[in-house]
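I have placed the structure first, in the form of structure tokens, so that the comments after it can refer back to it.
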Amino acid sequence: MLRPSFRSTLLVSFLLIAGTLAAAATSGWLGVEAVARAIQDGNRRALGLSAAARELGERTVDLERSARQYLVLGEPALLERFRLILADALTALATVERGDATLAARSAEWRTVAQAIERRLAASAAVAANGSEAPPASTTGTPSGAEASPPDDSPTAQGRAEIDAAPAPEADFDRLTHLAAALVADVEQHLAQRNQALMAALDDERQGVAAQILAALLLAGALAAISGWWLLRPLGRIEHAIAELGENRLAQPIRISGPADLCQLGERLDWLRLRLAELEANRNRVLRHVSHELKTPLASLREGVALLADGVLGRLNPEQREVAGILEHSARALQERIEQLLKYNASQFDARTLHLQPSALMPLLREVGGEHQLLTQARGITMEFSGTAPIVHADVGKLRIAFSNLLANAIAFSPAGGRICVEVGLAGERVIVDCRDDGPGIEPDELERIFEPFFQGRRSAPGATKGSGIGLAIVREFITAHHGQVRALPSEQGAHFRVELPHA
């Protein structure tokens with residue numbers, strides 16, 4: 001099955017999360033933009049509708065004023081002004097009708113009343129125009145000098161009589177004014193309702209945007225968690241595998257699942273594990289073979305030297321006996337070096353496995369100090385123990401070896417009649433064991449190298465036996481195996497070693 005790589009998985013995860021957030025942001029922006037445009041359009045229409053309603057109210061007042069002036073004065077110019085004002089009022093009324101269809105009935109009634117007033121005024125104008133025209137004079141059957149008069153039943157006389165008898169249109173004027181005021185009030189109510197609707201739509205859109213953003217954040221979080229699990233799980237396994245390799249635990253195969261390149265990295269780590277295991281096995285095999293190959297001829301060499309020294313092959317002169325002594329001493333020193341090398345190799349192997357159990361440090365230190373009592377008494381060295389420490393989980397046998405080597409080193413470099421102080425304390429989550437002696441101390445540039453196998457410091461106590469340089473290396477192996485630390489600290493007098501062990 002084709003697996004995506006780490007980079008492609010990370011890129012796809014980033015794009016999915018970014019796309020989710022971008023989609024939510026875009027959707028919210030479009031929704032808010034639509035509501036904003038609706039509010040702008042609504043405000044624009046509201047301004048036009050409100051202006052048309054105000055103009056209708058003003059034109060209604062002007063219509064009534066012009067009509068009344070015409071009825072009183074009878075000037076044709078006033079009637080023409082009435083008609084111009086009526087045209088403007090009808091234009092404003094049409095705008096009101098387009099803005100709110102619910103006002104159609106009331107606007108139609110206003111239009112009917114206004115047109116009725118116009119017809120009344122037009123009829124009055126027609127009658128006035130007919131009454132102003134003089135009838136033609138008769139030249140037959142009429143005495144000279146007599147005035148001609150129309151019959152009593154002529155149309156002009158009847159129309160003037162009807163106009164004079166008709167009441168003034170006060171009811172129409174009041175009705176027109178009332179309708180105009182009602183239209184203005186309806187427009188204001190319509191605008192208020194529209195504003196409320198727009199605000200409600202804006203609130204709904206804002207809640208929708210908030211819901212979309214929350215959903216996008218939840219989805220992005222879920223995607224981040226899934227991609228993080230997919231990517232970080234193999235990384236954690238790789239970190240654990242590297243730690244296993246560093247601690248020389250090579251038995252467990254390394255299997256990495258996840259992106260393709262991380263799986264390939266796991267395969268390389270497993271190859272490295274097998275390679276390290278092979279090298280470790282070869283090293284141990286070489287040490288065993290070398291020790292065996294060296295110890296066998298060395299035993300023969302020592303046996304031959306012993307025969308020479310005992311005079312089995314003939315009596316030796318003083319010079320020959322001195323040479324035999326040198327050979328015996330060198331052979332014994334070589335055998336000790338071989339045994340120490342094997343011992344150090346064994347300590348490295350033993351440091352990989354610990355049998356942890358609750359242990360009290362102070363009784364253990366006193367017990368280890370008691371094992372060196374004969375040597376300290378013979379040289380007059382005083383060993384002091386002080387302090388308290390909590391219980392630690394440790395391998396007692398390996399700690400015993402570590403502290404025994406540490407005290408043996410202090411005894412070896414302490415002068416006769418010197419003093420060794422061992423102090424136990426607590427610092428945070430670590431137990432501190434300080435070991436100080438009155439010996440020659442350690443050069444500042446050798447504080448770290450002193451723990452290297454077979455390393456010998458430049459300073460040495462008068463009359464002290466030259467060591468092998470293995471003891472402190474074994475101390476560091478066993479303390480490091482307990483996830484602790486051992487250091488050589490600068491000191492004005494003697495050597496100062498500090499051991500730190502975790503206790504929590």
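Close Cβ contacts (under 6 Å, 6 or more residues apart or on different chains) running from residues in segment 446-458 that are in the same structural domain as Gly494 (by TED's automatic domain parsing) to residues that are at pLDDT 75 or above and among the charged types (D, E, K, R) comprise Phe451/Arg476; Phe455/Arg449; Gly457/Glu446; Arg458/Glu443.
Cβ-Cβ contacts under 8 Å between residues 6 or more apart (or on different chains), taken from a first residue in segment 103-119 that is in contact (Cβ under 8 Å) with a residue 12 or more places away in the chain to a second residue that is surrounded by fewer than 16 Cβ atoms within 10 Å (Cβ to Cβ) and small (Gly, Ala, Ser), are listed as Arg106/Ala182.
Among the residues of segment 172-201, how many are more than 13 Å from Ala53 (Cα to Cα) and more than 55 Å from the chain's Cα centre (by Cα)?
First pass over segment 172-201, keeping only residues more than 13 Å from Ala53 (Cα to Cα): 172-176, 178, 192-201.
Subsequent filtering for residues that are more than 55 Å from the chain's Cα centre (by Cα) retains 172-176, 178.
Of the residues in segment 172-201, 6 are more than 13 Å from Ala53 (Cα to Cα) and more than 55 Å from the chain's Cα centre (by Cα).
In segment 223-230 there is no residue matching the filter, namely being in contact with a helix residue (DSSP H, G or I) (Cβ under 9 Å, 6 or more places away or on another chain), aliphatic (A, V, I, L, M) and closer than 26 Å to Leu354 by Cβ.
When each of Ile391, Ile432 is tested for being closer than 20 Å to His496 by Cα and hydrophobic (A, V, I, L, M, F, W, C), the lone residue that passes is Ile432.
Scanning segment 334-365 for residues that are modelled with pLDDT of 75 or more, in a helix (DSSP H, G or I) and either surrounded by fewer than 13 Cβ atoms within 10 Å (Cβ to Cβ) or under 47 Å from the mean Cα position of the chain (by Cα) (or both) returns Leu361, Pro363.
If the condition is being polar (S, T, N, Q) and in contact with a helix residue (DSSP H, G or I) (Cβ under 9 Å, 6 or more places away or on another chain), then segment 112-131 contributes Gln115, Ser124, Asn130. For segment 359-394, name all the residues that are among the hydroxyl-bearing types (Ser, Thr, Tyr) and under 15 Å from Ala412 (Cβ atoms). Selection gives Thr376 alone. Just to be sure before I move on: is Leu274 closer than 16 Å to Gly236 by Cα, in the same structural domain as Ala331 (by TED's automatic domain parsing) and modelled with pLDDT of 75 or more in the structure I sent? So Leu274 does not fit the description; no.
Within segment 417-465, track down each residue that is at negative phi, among the hydrophobic types (A, V, I, L, M, F, W, C) and at pLDDT below 80. Lay out the reasoning, then the answer.
Kept after step one, since they are at negative phi, are these residues of segment 417-465: 418-427, 429-440, 442-453, 455-462, 464-465.
Okay, now just the ones that are also among the hydrophobic types (A, V, I, L, M, F, W, C), so 420-422, 424, 426-427, 431-433, 435, 442, 447, 450-451, 455, 461, 464.
Within segment 417-465, Phe455, Ala461, Ala464 meet the criteria.
Quick one: which strands (runs of 3 or more DSSP E) lie wholly within segment 373-458 and hold at least 3 residues that are out of contact with any strand residue (DSSP E or B) (no Cβ under 6 Å at 6 or more places or on another chain) and among the hydrophobic types (A, V, I, L, M, F, W, C)?
Numbers: elements: 382-387, 392-394, 419-427, 430-436.
Of the strands (runs of 3 or more DSSP E) lying wholly inside segment 373-458, none has at least 3 residues that are out of contact with any strand residue (DSSP E or B) (no Cβ under 6 Å at 6 or more places or on another chain) and among the hydrophobic types (A, V, I, L, M, F, W, C).
Checking the stated criteria, Ala67 turns out not to satisfy the condition of being out of contact with any Pro (no Cβ under 7 Å at 6 or more places or on another chain), of a type outside the set (S, T, N, Q), within 30 Å of Arg233 (Cα to Cα) and surrounded by 13 or more Cβ atoms within 10 Å (Cβ to Cβ).
Yes/no matrix, rows are residues, columns are (1) within 47 Å of the chain's Cα centre (by Cα); (2) within 29 Å of Ala181 (Cα to Cα):
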| position | (1), (2) |
| --- | --- |
| Leu16 | yes, no |
| Thr20 | yes, no |
| Ala25 | yes, no |
| Ala38 | yes, yes |
| Ser50 | no, yes |
| Ala53 | no, yes |
| Pro76 | no, yes |
| Arg81 | no, yes |
| Ala89 | no, yes |
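Rundown of residues vs (1) surrounded by fewer than 21 Cβ atoms within 10 Å (Cβ to Cβ); (2) within 48 Å of the chain's Cα centre (by Cα); (3) more than 22 Å from Gln377 (Cβ to Cβ), yes/no style:
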| site | (1), (2), (3) |
| --- | --- |
| Gly387 | yes, yes, yes |
| Val392 | no, yes, yes |
| Ala408 | yes, no, no |
| Pro415 | yes, no, no |
| Val422 | no, no, no |
| Gly428 | yes, yes, yes |
| Ile432 | yes, yes, yes |
| Asp438 | yes, no, no |
| Pro444 | yes, yes, yes |
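The values are calculated or read from the model by the stated rules, or taken from the named source; none is laboratory data. Everything numeric in this text was worked out from a predicted model, so none of it was measured. Quick reminder, even Gly has a Cβ in these numbers, built from the backbone with ideal geometry, and neighbours come from all protein chains shown.
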